[in-house]
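The values are calculated or read from the model by the stated rules, or taken from the named source; none is laboratory data. Just so we're clear, the structure is a prediction, and the values are computed from it rather than from any experiment. Cβ placement follows ideal geometry from the backbone for every residue including glycine, while neighbour counts extend to all protein chains displayed.
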Amino acid sequence: MNRFSSTPRRRLLDALWPWLCAASVALSLLMLAALLALLVVRGLGHFWPATLEEITLRSGAIVAGQPTREAPLPQAEGFERLYFTANRDIDGVSWRWVNLDDIVSRSTPSDLIRLERNPWGDFIGRLAGVETGGQLLREDQAWRYLTQALALPQAERPDAELLLVTTDGQTLRQSLSGVSQALAPNAMSWWQKMHTWSRNVWQFLSQGPRAANTGGGVWPAIFGTVLMVILMSVIVTPFGVLAAIYLNEIAHQNRLTRLVRIGVRNLAGVPSIVYGVFGLGVFVYGIGGTLDSWFFSDTLPSPTFGTGGLLWASLTLALLTLPVVIVATEEGLARIPDAQREGAVALGATRLEMLVRIVLPMAIPAMLTGVILAVARAAGEVAPLMLVGVAKLAPQMPVDGEFPYLHLERKFMHLGYHLFDTAFHGEDVQAAMPLVYATALLLVLIVLVLNLTAIFLRHYFRRQRGSEC
Amino acid sequence: MLASLDSATASQAPVTHFSSEHSALSINQFNLAYAGKSALRDLTLSIPRHRVTAFIGPSGCGKSTLLRAINRLHDLNESVAHSGNIQLEGQDIYAPQMNVTELRRRVGMVFQSPNPFPMSIYENVAFGLRLQHRLPKRQRDDIIEWALTSAALWDEVKDRLHRSAWQLSGGQQQRLVIARTLAVQPDVLLLDEPASALDPISTLKIEELIRNLKSQLTLVLVTHNMQQAARVSDYTAFLHTGELVEYGPTDQVFTNPRLQRTENYITGRMT
């Protein structure tokens with residue numbers, strides 16, 4: 001018998017293994033899709049003007065609010081539903097769990113309105129009237145007046161008092177100046193809701209945070225994240241490329257070089273918080289403290305550079321991502337055939353000319369790969385930043401119209417840290433959760449955009465060389 | 001011009017020296033070692049001007065090493081040591097006052113596999129020119145056209161000078177590399193198995209080019225291909241294990257070698 005004959009077992013294994021590989025890919029894709037779907041649905045859904053319900057309880061009480069989610073009762077059979085009832089100034093709370101069995105009737109009256117206010121957060125109830133200039137407007141007139149007034153810019157809005165009634169009959173006077181948005185979601189068409197949704201998303205992207213990061217937008221955090229990543233790239237790229245050139249083109253390939261190379265590769269595995277500690281000790285206290293004592297001694301003891309700031313955070317992250325850039329660039333340099341180098345030298349080029357005119361242009365795609373990896377790592381890094389300059393709420397943007405325009409010593413906001421702070425340090429965790437999802441989605445999108453930019457650049461440089469190398 | 005010389009070789013005397021007026025390169029007692037391991041031993045030969053000289057020999061005999069020594073390409077490798085001297089037009093190329101980049105401009109080199117740079121055809125040929133001095137564009141264009149014409153490539157690429165050089169065929173790339181070298185007007189062109197990676201048609205074109213170029217400069221060719229050496233070269237040097245075994249006019253070396261070892265190699269009885 002032929003001992004190389006294929007047994008059924010071998011044939012089966014051979015038929016199965018591609019499926020095993022395909023299954024792994026499918027699982028990865030599925031998890032990625034699930035992650036994005038969760039972020040998109042929860043994050044973007046938050047900005048949709050949700051239907052408001054008015055419910056009558058068995059006790060006779062009437063509650064109005066936005067149904068949020070349901071959960072089984074802790075000890076008994078049945079379910080309870082969480083309502084966002086707002087009106088924190090009246091009720092003391094803005095969330096309410098209602099046992100489903102206690103609900104006698106549910107309705108969605110079109111005159112229920114939701115006001116966005118500052119302070120005290122949202123109001124849910126009805127508009128009884130508007131008092132302006134000694135005049136009292138009621139019903140439709142009042143609502144029309146309110147929407148028209150809110151369409152004006154903040155400074156041009158007239159003085160007016162809103163007369164509000166909650167569903168359980170309590171009345172409230174609210175000055176117009178504290179209201180930023182008024183919606184009657186139950187009366188809105190799909191197009192109006194869409195319009196409101198896009199305005200909310202835009203406000204989230206373009207405004208600063210309110211109410212201890214549980215409301216408002218994330219613009220300073222977006223700006224801080226992108227600025228820090230750009231500064232980091234500007235610092236890390238030249239250093240990484242020069243180091244890679246030294247290791248690959250200049251150093252003798254001996255045991256010491258190999259040792260340095262192994263060391264560089266292992267630096268990439270050092271936990272990021274360790275870099276944070278290093279940045280705090282060396283950059284902030286060491287260099288920053290020295291700079292303060294030399295140049296800013298008149299403002300001491302309040303530190304200028306001797307405290308966490310944009311510069312130190314960028315430097316720390318540059319240090320953190322340096323190994324990535326070195327390794328990627330070095331691999332790119334090693335891929336360039338020696339024939340290219342010899343060709344240039346044989347034409348009378350010096351070593352510098354060979355490097356600048358032939359080797360470096362060919363290594364640009366590899367360098368960009370390194371920068372892509374560095375950006376992806378840096379944009380999502382939070383732990384070291386907490387030690388070297390990120391702030392829960394930065395009073396000033398790091399770039400403004402005041403000389404020297406770019407303020408490297410200022411603290412800045414970061415999406416990753418903002419997310420962490422919103423999720424765990426806010427007072428109203430229920431209100432913050434949708435913002436956490438939205439912020440997470442934004443962080444993913446920003447990393448994606450930064451990466452796509454670098455990938456596009458890499459593609460551009462490859463095309464320019466007309467090669468696939 | 002070389003009549004007296006040729007008649008001298010006809011008398012079957014070992015031809016390893018030309019008078020200085022006929023010699024472009026003269027190699028004197030040249031030794032070279034890689035990391036202590038001897039690669040070239042006591043080589044002495046002189047290479048005639050405006051002729052094609054072929055180096056033949058089995059793999060590892062040192063012929064490429066010798067070629068690279070003439071261009072001082074070994075400078076890039078720290079572990080190479082040498083003694084003796086190589087003179088280009090009477091100047092010792094290893095002398096301290098020798099300008100290496102100027103030497104490499106005067107001694108062009110073409111490698112085994114085509115190595116055009118990842119840029120346009122035009123820029124490839126302009127590369128060496130741009131290293132030297134700024135030329136007006138008109139003048140640079142003229143030199144590039146001349147170089148490409150000399151390398152028998154102009155007609156094939158004149159309409160796509162600004163396309164990537166990597167889109168050319170292997171044979172065209174090798175001729176482009178030759179044009180690139182010619183553009184800086186070298187005195188000597190070293191060719192290290194220039195056709196070994198090419199198809200027969202491209203090989204023929206390169207060989208024809210080599211024959212045509214000798215009116216302009218001195219060529220030194222390393223080849224594994226006996227027929228090629230016989231077809232294109234005027235003089236042939238046979239090297240074995242780092243030593244020069246036999247050197248003389250190609251006709252003589254191929255038809256009537258003085259030594260048995262040479263005959264064995266040429267007839268394929270020794271590899």
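Taking the criterion of being among the small types (Gly, Ala, Ser), modelled with pLDDT under 90 and more than 15 Å from the chain's Cα centre (by Cα), the residues of the range A:190-225 that qualify are A:ALA211, A:ALA212. For A:VAL264, the requirement of being in the same structural domain as A:VAL324 (by TED's automatic domain parsing), on the phi < 0 side of the Ramachandran plot and surrounded by 17 or more Cβ atoms within 10 Å (Cβ to Cβ) is met. Please go through the range B:29-67 and pick out each residue that is among the basic types (Lys, Arg), in contact with an Asp or Glu (Cβ under 8 Å, 6 or more places away or on another chain) and buried (at least 19 other Cβ atoms within 10 Å of the Cβ). Hit for the range B:29-67 is B:ARG51, nothing else. Taken together, the criteria exclude A:ALA22 from residues that are closer than 26 Å to A:TRP202 by Cα and exposed (fewer than 12 other Cβ atoms within 10 Å of the Cβ). Just a yes or no: is a residue in the range A:239-256 in contact with a strand residue (DSSP E or B) (Cβ under 6 Å, 6 or more places away or on another chain), crowded, with 17+ Cβ neighbours inside 10 Å, on the phi < 0 side of the Ramachandran plot and not polar (S, T, N, Q)? The answer is no, given that none of the residues of the range A:239-256 is in contact with a strand residue (DSSP E or B) (Cβ under 6 Å, 6 or more places away or on another chain), crowded, with 17+ Cβ neighbours inside 10 Å, on the phi < 0 side of the Ramachandran plot and not polar (S, T, N, Q). Considered as a group, the residues in the range A:69-84 that are among the small types (Gly, Ala, Ser) and either outside any strand (DSSP E or B) or outside the structural domain of A:LEU57 (by TED's automatic domain parsing) (or both) include one that is farthest from the chain's Cα centre (by Cα), and that residue is A:ALA76. Take A:GLY279 and tell me if it is surrounded by 21 or more Cβ atoms within 10 Å (Cβ to Cβ), of a type outside the set (Asp, Glu) and in contact with a Ser or Thr (Cβ under 6 Å, 6 or more places away or on another chain). Considered against the rule, which asks whether it is surrounded by 21 or more Cβ atoms within 10 Å (Cβ to Cβ), of a type outside the set (Asp, Glu) and in contact with a Ser or Thr (Cβ under 6 Å, 6 or more places away or on another chain), A:GLY279 comes out as yes. Restricting A:TYR417, A:TYR405 to those that are buried (at least 20 other Cβ atoms within 10 Å of the Cβ) and aromatic (Phe, Trp, Tyr) reduces the list to A:TYR417. Taking the range B:49-68 as the range and being closer than 16 Å to B:ASP187 by Cα and within 14 Å of another protein chain (Cβ to nearest Cβ) as the test, the residues that pass are B:LEU67, B:ARG68.
Taking (1) touching a residue at least 24 places away in the same chain (Cβ under 8 Å); (2) surrounded by fewer than 20 Cβ atoms within 10 Å (Cβ to Cβ) in turn, A:LEU333 satisfies each apart from (2). A Cβ distance below 8 Å, combined with a sequence gap of six or more or placement on separate chains, defines the contacts here; from the range A:36-56, residues that are surrounded by 20 or more Cβ atoms within 10 Å (Cβ to Cβ) reach residues that are of a type outside the set (Val, Ile, Thr) and part of a loop (DSSP other than H, G, I, E, B) in the pairs A:PRO49/A:MET188; A:LEU52/A:LEU112; A:GLU54/A:PRO109; A:GLU54/A:LEU112. Does the range B:181-203 contain at least one residue that is in a helix (DSSP H, G or I) and within 21 Å of A:ALA344 (Cα to Cα)? Among the residues of the range B:181-203, at least one is in a helix (DSSP H, G or I) and within 21 Å of A:ALA344 (Cα to Cα), which makes the answer yes.
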